[in-house]
1. Work out the mean other chain Cβ neighbour count within 10 Å for the residues of B:167-179 and drop it here as an integer.
2. Using only alpha carbon pairs under 8 Å that are at least six residues apart, calculate the relative contact order of chain A and give it in whole percent.
3. Defining the label point at 7 Å along Cα→Cβ, can you sort the distances from B:D19 to the same site in each other copy, shortest first, in nm?
4. Classify the protein assembly as shown as rounded, prolate or oblate, taking a ≥ b ≥ c as the square roots of the eigenvalues of its Cα gyration tensor: rounded when a/c is under 1.5, otherwise prolate if a/b is larger than b/c and oblate if not.
5. Report the extension gain between B:K81 and B:E136 in nm, rounded to one decimal, defined as 0.36 nm multiplied by the number of residues separating them, less their alpha carbon distance.
6. Note the angle between two axes, namely the Cα long axis of helix A:122-147 and the longest principal axis of the Cα atoms of chain A, as a number of degrees from 0 to 90, rounded to the nearest 10.
7. Taking the alpha-carbon distance from B:K196 and a cut-off under 27 Å, which lysines remain once sequence neighbours fewer than 8 residues away in the same chain are dropped?
8. Going 7 Å from Cα along the Cα-Cβ axis for the label, what nanometre distances separate B:F50 from the same residue across the other copies?
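The numbers here are math on the coordinates, done by the rules we state, and not lab data. Everything quoted here is computed from the prediction, not taken from an experiment. Positions of Cβ are backbone-derived with ideal geometry, glycine not excepted, and every protein chain shown enters the neighbour counts.
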Protein chains: 2
Amino acid sequence: MPTSTATSKGAATRDLILDRAYAIACRNGVEGLSIGELALAAGMSKSGVFAHFGSREALQLAVIEQGARRFGEKVLIRSLKQARGMPRLRAIVQYWFDWVRDNRQGCLIMGAVSEYDSRPGPLRDAVVEAMRHWREATARAVSLAIETGELREDTDASQIAFEIFGVALALHQDTRLFEARRARAQAEKAIDRLFKSHST
Amino acid sequence: MPTSTATSKGAATRDLILDRAYAIACRNGVEGLSIGELALAAGMSKSGVFAHFGSREALQLAVIEQGARRFGEKVLIRSLKQARGMPRLRAIVQYWFDWVRDNRQGCLIMGAVSEYDSRPGPLRDAVVEAMRHWREATARAVSLAIETGELREDTDASQIAFEIFGVALALHQDTRLFEARRARAQAEKAIDRLFKSHST
C-alpha cells in the first residue's frame, strides 16, 4: 500500500519539523520562528518545510497547539491518574510547578501570551483558547474537590482557579528572574494557605 | 550662556526621543525598537538619534529605565502620600491595578521581563534590577503594616509581596486575554482575602 506508506512518512516528517519548530520557538518565541533556521534544523529545504505547513502562520499555529498539548499532557492528563478532589487538584499544581522548573529556559505558551496578547488574529485566538481551556480545567478540578466535600460548598471555583494561576505566574517569573528554589517554597506556601482557607 | 542653552536643548531632545521610544517599545517590545522608526517618530535623522544615545543597546537601557520610572511614579511614589501601614499598602495595590487597566495595550516592563528573562546581558540585568526594586518596595510596605500593628507580627513580608505579585500578574494576563472587569473583581477579592488572613 504505497499511498499509506507515503502518508505515514509525510506525517513523521511533519512531526519532526514540528518538534524542531517547538524547540526554536521555546528559545526565540513563536514570532522568532524563521523558516530558514527551521529548515536547517530539520535538514530540509525551505520549500520542503512550506510543503508540510502551507504558510508561516499555519506553522506558528501548529507550534502553539503543540505547546498547549505538551503542557496538557504533562500536567492535566497526568493528574487524571489521581483520585478526583484534592489529590487531583494538588497533583495539577505540583505538576505545573514541576513544568515551570523543567522549562526554565522558555515556556512556549507563556512566551506566546506575551507575544500575542495585544495582536488580534488567529495566533492570538489560539493562545486565548489554550489559556481558557487550561483555566476551565483548573476550575473543574476545584469544583470536583467541592463535590467530594474537601473544599467548602461556598467556594468560588473560578476565583480559586484565578488565584492558582496568579501563584503559578509569580513562580514562573521568579524562577526566571530570581532564585528558583525560594520561589518554589513561596509558591507552595501560597497554595497551602489558599487551599487551607477553603477547606471543610 | 550659550553652552547651558545648548545643553538644555540637548536634554529636551533626548527626552523627546525617549518619549517616542517608550511609546514604540510599549507596542512592539524593547527588541522591537527600530532606530529608523524612532527617527521618523521623533522627526530626526537616524544619526541624530544615535548622537543622543551612542548605541541601540544604550537606548534600550534608557527605555527600560524610563518604564521602571513611570511605573514607580504612578504607583510607588504616589502611594507615599498615604499613611504608612495598611492605607499605603492598599494604595500600592490599587494604583498597581489601575496601572494594569490603563496600560492594557502594553506594559513596557512586563513585556521586557518576557523578552529578556532568558537572555543574559545588561538589558536583562536592568529588568531584574527594576523587578527586584519593586518587589522590595512592596515587601517594605508590608513590613510597615506589621510595625503599625495592622498585620500580625508573624507575617512573612516577602511571602506577602510574592503573593501580591501573583495576583497582579494574573490580573495583567486576564485583563489582556479575557474580561478586564471580571479580572479586576477577582484580583480585589484575592487581595482582600490575603490581607484579612494576616490581619490582627
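1. Whole-number average of other-chain Cβ neighbours for B:167-179 is 6.
2. 19
3. Copy-to-copy label distances for B:D19: 5.4 nm.
4. oblate
5. Extra length available between B:K81 and B:E136 comes to 17.9 nm.
6. Approximately 30 degrees, to the nearest 10.
7. Here the lysines satisfying the reach criterion relative to B:K196 are A:K189, A:K196, B:K74, B:K81.
8. The answer, with the shortest distance listed first, is 3.5 nm.
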